[in-house]
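The values are calculated or read from the model by the stated rules, or taken from the named source; none is laboratory data. If you're wondering where the values come from, they're calculated on a predicted model, not measured in any experiment. Note: ideal-geometry Cβ built from the backbone for every residue, glycine included; neighbour counts use all protein chains shown.
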Amino acid sequence: MNPNFTRFQKNITSPARFAFFKLIKLPAAFIAGLRIKKFTEEETIIVVKHRWINQNPFRSMYFAVQAMAAEMSTGLFAVAQTYQRHLPVSMLVIHLEGKFVKKATGIISFSCNDGRLVEETVEQCLSDGEPRTIQCKSVGTNEDGQVVSEFIVTWSFKAKVK
């Protein structure tokens, strides 16, 4: 286990620190209203409420806001596993697939359960120095538990050689 995960988890789950992080690093996420509901080594849940600022002309959540929340639900694992490593690891989204199932209104929760997969991938990357890619799945559900969208986010990891 990455010993820095807990430190990153503590920092990012502080509402004030997360708001500041979004404001400085991800202003679109700040404006759209993304929030962390749950963040453990195995699971992340990002929630976003459908509102005027993030809607499309059809009065549902704009697809890009859904994609942003889905990417964040996978990306927190990536950032946590690369946070303050002795050998730095670069990470990048290289592919994104989305499937829209139902109109997204109300509060939408994007969950990803691929935390251990990300951890294993980063560890392998660091152990042999070879770049790695993985696919993480994020599922968006409404307040009734109905799936509104599904995303596959492909991440690339590469250890930075000194």
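The residue that is surrounded by the fewest Cβ atoms within 10 Å (Cβ to Cβ), counting only those in segment 6-15 that are within 15 Å of Ala80 (Cβ to Cβ) and free of Cβ contacts under 8 Å to residues at least 24 places away in the same chain, is Lys10. Residues of segment 136-149 that are farther than 14 Å from Ile46 by Cβ and either without any contact (Cβ under 8 Å) to a residue 40 or more places away in the chain or not polar (S, T, N, Q) (or both): Glu143, Asp144, Gly145, Val147. Between Phe39, Phe30, Phe18, the distinction of being free of Cβ contacts under 8 Å to residues at least 12 places away in the same chain, among the hydrophobic types (A, V, I, L, M, F, W, C), closer than 24 Å to Ile107 by Cα and surrounded by 16 or more Cβ atoms within 10 Å (Cβ to Cβ) belongs to Phe30 only. Evaluating Lys99 against the criteria (1) surrounded by fewer than 16 Cβ atoms within 10 Å (Cβ to Cβ); (2) touching a Lys or Arg at 6+ places or on another chain (Cβ under 6 Å); (3) modelled with pLDDT of 95 or more leaves one unmet condition, (2). Residues in segment 51-64 that are assigned to a helix (DSSP H, G or I) and free of Cβ contacts under 8 Å to residues at least 24 places away in the same chain were compared, and the one that is farthest from Val153 (Cα to Cα) is Trp52. Does Phe5 satisfy the condition of being under 18 Å from Arg116 (Cα atoms) and of a type in the set (Phe, Trp, Tyr)? Judged against the criteria, Phe5 is a match. As a summary of the residue check, Leu87 satisfies the conditions (1) out of contact with any Phe, Trp or Tyr (no Cβ under 8 Å at 6 or more places or on another chain); (2) in contact (Cβ under 8 Å) with a residue 12 or more places away in the chain; (3) part of a helix (DSSP H, G or I); (4) closer than 30 Å to Glu130 by Cβ except for the one numbered (3).
The residue of segment 90-127 that is farthest from Phe157 (Cα to Cα), among those that are acidic (Asp, Glu) and outside any loop (DSSP other than H, G, I, E, B), is Glu97. Evaluated against (1) at pLDDT below 95; (2) part of a helix (DSSP H, G or I); (3) not hydroxyl-bearing (Ser, Thr, Tyr), Ala67 falls short on exactly one condition, (1).
What number of residues within segment 40-50 satisfy the criterion of being touching a Ser or Thr at 6+ places or on another chain (Cβ under 8 Å) and outside any loop (DSSP other than H, G, I, E, B)?
Within segment 40-50, residues that are touching a Ser or Thr at 6+ places or on another chain (Cβ under 8 Å) and outside any loop (DSSP other than H, G, I, E, B) number 4.
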